[in-house]
Amino acid sequence: MYVILAPVTVLLCSAFQAQIEGPSLRIGGCGGLYLLAEPGELWVNIAKTDLHGGRRDTRLQAILLGPDRRPRDQAVIERDGSVRLATDVDRKGVFVVNVTVTQDRYGEYVSWGFDTNCPRYLIETSRGHRDARHTEPIVLRNPEAKGDICFLPRSSPFRIEVSDLQAGSPPLTVYDATGGLRASLSVDDTGQAQANFEADASRGNSPWRLHLPVQQATVNIDGVTRWEKDDRYADLSLWSTQIESFFPFHDHRWMLTPYSRTFYAAPGESRDLTFRLHNNAGRPDTLSLHVKHLSDWRVDTVGTVTLEPGETKTITVHCELPSVVSTDQRYEARVVVNSTLHPEMSTYSTIVAHIGEAPYAQPLNLPIVYKPYQHENEQFGYEPDYPTENQLYFDTHNRPSIWGSGGVLHMLKGQNWSSVHISEATVSQSALFTGKSIRPIGTKVAFDADDDIYLLAAEGKNVALLHSSDGGKTFSAHVIRGREEQPRSWDMEQFSGHNIHDGPPPILRTVQTQGMDSRYFWRRVNDLELFVPRKEGDQIIIGDPILLSQKAIGIASHSGIPSSIVSRGDRVHIIWGEATDPDEEVPGVPAYVVTYDRKKGLLGEPVFVGWGPPANDVHNTPSITIDSEGYLHTLTGTHGSPFAYARSLEPNTAHAGFTEPELVEDELRSTYIGLVCGPDDALHLVFRVWAQDGVYHPTSYYANLGYKRKLKHEPWGEMQRLAVAPFSEYSIFYHRLTIDRKGRLFVSFDYWSTFWFYRMDHSGNRRKTIFSPDGGNTWKLLETKDL
């Protein structure tokens, strides 16, 4: 059911308003609820009040989901109003209500509240992200009622700070789990109250209660609305209005994930599925599992698993379809998990099997339109059979590799993936770099003409170029010395279509010399240095740094993975953006290209290639590639504006000048360049783009993963949407575009919503790769057999 509370349905709302007008709780922010529901009817009433006088289109969307995160009911409240979400519960589990608001990701312009027939519930106050420390203050907006905030107090010292109280209000009181008075907080003339609590190792497993005589306040509690790195429940902004409603969800967050798995198979085929068990508690726990069959088929799993505090283990669930299948060709079962530590805790994940070919085996009907809690597995039965940590790079024989986040290099050997732990395979070339505690620097993998492998990695403050000449069996570490005490970032050349070199890849280092400017949050000033390593026998000589600029804005490479370097023969071409004087009005970040001649050791003068708006924004990292004839192609980085394209006037040099910059598309609200050049010299561009066209989200802006192509000697083509975010407001895809030696395109991407509630509910990432075998005409979800 999807209810739109528009004027035409107001009377319908009024007809049952008497049943649901009860919620006295009016809170700010977004977020939602977790409910430990017993079998029977479950209902949740959601009420919303606008605070903006009709000046915004703040539509509250509420989604009721089962323990398997399948939507059970959902509604949208357009203006002031109330709605009931309801479902039948056939098995105990943790149900969810997700609350988001359009044009108000921080919940500043609406208040919402709820009541429910479920006696066990927790509220999670969660907003959209900010580019600052994560805090989730509890905002109460009903001065006509008193109220309680019940919370788990951490065992380390903590502080309660309350503001926006009415001056002269009675004191606030804090009670411990036994009902004993722990503090009385007097309200000062500015409407503030606070209290400090010393460390106590005995607390933290049972809730305390903060009582407010007037429910008008903004409340911050250490360990509940703001956190330290070592907090056990960091970023879990969970609380309740009643002690009795508390249940031990803190300890069982992500107890069994994924919440559901869908697959396709033939009659009689078996499948082993992997699930994760997690103990989020500070004490050991034994989880017991069993299968509830909803169809006649075989599903088996382990009986019990013991987990230490914070430990995660994987289990295998064996599924076997019958040889003779039912007419509906759908089979379902639930994996049920119970806790020994908290016997009242029980929830489940759902497995669904369909008979037939999986939709992901066919080319995609683009775009992939994500819906809340419905991504590739739910829509297509997709489960990647390859490492998904990062993007693929290909050697000259077109063998893929992935530089994993844990210092693991994944390589496809035949039809099987192998993994090399670099710390175990590194032979140190310096006392500064032992190779025993390596962490990756960036995610790029480079290859030379001999298929030697190159990676960037760090150990402590030291950064090294890792080199393997034996197919990844062993690596030597070559330290890049200097400026270890300053903030640094790194990039290196990788294959982008037509750049193959005989030796190690050129490397860029930015060294921050000025931090954030108070007037420009994203402004940074860096020295930009080039290293041109070379092979000498069995050795790699890093060489001295070559200063390119003292005003570089920096390198933003978490999305797009823009190419800052491209080379051919002895010539290395580098592109970067520069910071400008904040008092000077300029159209954006100026982008420059320079050519360095390795053989002659000569560095040319920087050549301006275009502006990337807005000015002084490190997001605006430009990108460069080279075509088969040696012409350089550049795009200026932007933050929500069209990219500007330019091409060199002569091959393999920046110093003959560039064409006048031209926008790839007017009004394109784009960010994060991914740029490669195909065998036919077509340029391929993948980026995030905002839209506010009402096509997929009717009332606010939303994120799309966009693709554009420029055929040789032709203008840029129209944008194609590759993916659409499930929510409006801010999103990011962390996309990375690469190309193999056959010219096939690969886009690795995740999905990251601004809404903390949605992100925190999911365990792990959602990264996957789509690929195009035909230069962007068609796209398909990747399988290992496609490689």
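The values are calculated or read from the model by the stated rules, or taken from the named source; none is laboratory data. No experiment lies behind these values; they were computed from the predicted model shown. In this analysis, Cβ positions are derived from the backbone assuming ideal geometry, glycine residues included, and neighbour counts consider all displayed protein chains. Areas reflect the complete protein model, heavy atoms only, side chains present, ligands, DNA and RNA absent. Shrake-Rupley method; radii C 1.70, N 1.55, O 1.52, S 1.80 Å.
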Candidates GLU424, GLU389, GLU383, GLU357 - the one that is open to solvent by 20 Å² or more (accessible area, probe 1.4 Å) and touching a Ser or Thr at 6+ places or on another chain (Cβ under 8 Å): GLU389
Closer than 19 Å to MET345 by Cα and either open to solvent by 40 Å² or more (accessible area, probe 1.4 Å) or under 32 Å from the mean Cα position of the chain (by Cα) (or both): which single residue out of SER288, SER270 fits that description? SER288
Within the bounds of segment 366-377, is there any residue that is part of a strand (DSSP E or B), under 30 Å from GLY497 (Cα atoms) and open to solvent by less than 10 Å² (accessible area, probe 1.4 Å)? yes
Suppose we filter segment 725-736 for residues that are under 21 Å from GLN391 (Cβ atoms) and either open to solvent by less than 10 Å² (accessible area, probe 1.4 Å) or modelled with pLDDT under 95 (or both); how many remain? 5
Could you name every one of the strands (runs of 3 or more DSSP E) located completely within segment 148-265 that has at least 1 residues being open to solvent by less than 40 Å² (accessible area, probe 1.4 Å) and farther than 30 Å from THR314 by Cβ? 158-163, 172-175, 181-185, 193-197, 208-212, 215-221
Among the candidates LYS436, LYS461, LYS473, LYS444, single out the residue that is basic (Lys, Arg), crowded, with 21+ Cβ neighbours inside 10 Å and in contact (Cβ under 8 Å) with a residue 12 or more places away in the chain. LYS444
Quick one: which of ARG70, ARG59, ARG91, ARG127 is closer than 30 Å to GLN379 by Cβ and touching a Cys at 6+ places or on another chain (Cβ under 7 Å)? ARG127
Counted residues, segment 234-267 - those being under 27 Å from the mean Cα position of the chain (by Cα), within 18 Å of MET345 (Cα to Cα) and aromatic (Phe, Trp, Tyr): 4
Residue count, segment 674-694, condition among the aliphatic types (A, V, I, L, M), under 22 Å from TYR730 (Cβ atoms) and either open to solvent by 10 Å² or more (accessible area, probe 1.4 Å) or in a loop (DSSP other than H, G, I, E, B) (or both), comes to 1
From the list GLU665, GLU629, which one is more than 33 Å from the chain's Cα centre (by Cα) and either aromatic (Phe, Trp, Tyr) or open to solvent by 30 Å² or more (accessible area, probe 1.4 Å) (or both)? GLU629
Of everything in segment 100-123, what is among the aromatic types (Phe, Trp, Tyr), over 21 Å from the mean Cα position of the chain (by Cα) and surrounded by fewer than 20 Cβ atoms within 10 Å (Cβ to Cβ)? Give them in sequence order. TYR109
Scan segment 542-554 and report the pairs whose first residue is at positive phi and at pLDDT 95 or above and whose second residue is open to solvent by less than 20 Å² (accessible area, probe 1.4 Å) and in a loop (DSSP other than H, G, I, E, B), with Cβ atoms within less than 8 Å and a gap of 6+ or a chain change. GLY543/PRO533
Give the residues of segment 26-65 that are within 19 Å of HIS697 (Cα to Cα), part of a strand (DSSP E or B) and open to solvent by 10 Å² or more (accessible area, probe 1.4 Å), sorted by residue number. GLN61
Any chance segment 398-419 includes a residue that's within 19 Å of PRO387 (Cα to Cα), touching a Ser or Thr at 6+ places or on another chain (Cβ under 9 Å), surrounded by 15 or more Cβ atoms within 10 Å (Cβ to Cβ) and of a type in the set (D, E, K, R)? no
Here are some conditions: (1) in a loop (DSSP other than H, G, I, E, B); (2) among the basic types (Lys, Arg); (3) at pLDDT 95 or above. ARG133 meets all but one. Which one does it not meet? (3)
Do we find that ARG481 is within 29 Å of THR621 (Cα to Cα), among the charged types (D, E, K, R), free of Cβ contacts under 8 Å to residues at least 60 places away in the same chain and open to solvent by 20 Å² or more (accessible area, probe 1.4 Å) in this structure? no
Just one of VAL83, VAL89, VAL97 is within 28 Å of the chain's Cα centre (by Cα) and either open to solvent by 20 Å² or more (accessible area, probe 1.4 Å) or of a type outside the set (Ser, Thr, Tyr) (or both); which is it? VAL97
PRO590 passes all but one of (1) touching a strand residue (DSSP E or B) at 6+ places or on another chain (Cβ under 6 Å); (2) open to solvent by less than 20 Å² (accessible area, probe 1.4 Å); (3) touching a residue at least 60 places away in the same chain (Cβ under 8 Å); which number fails? (3)
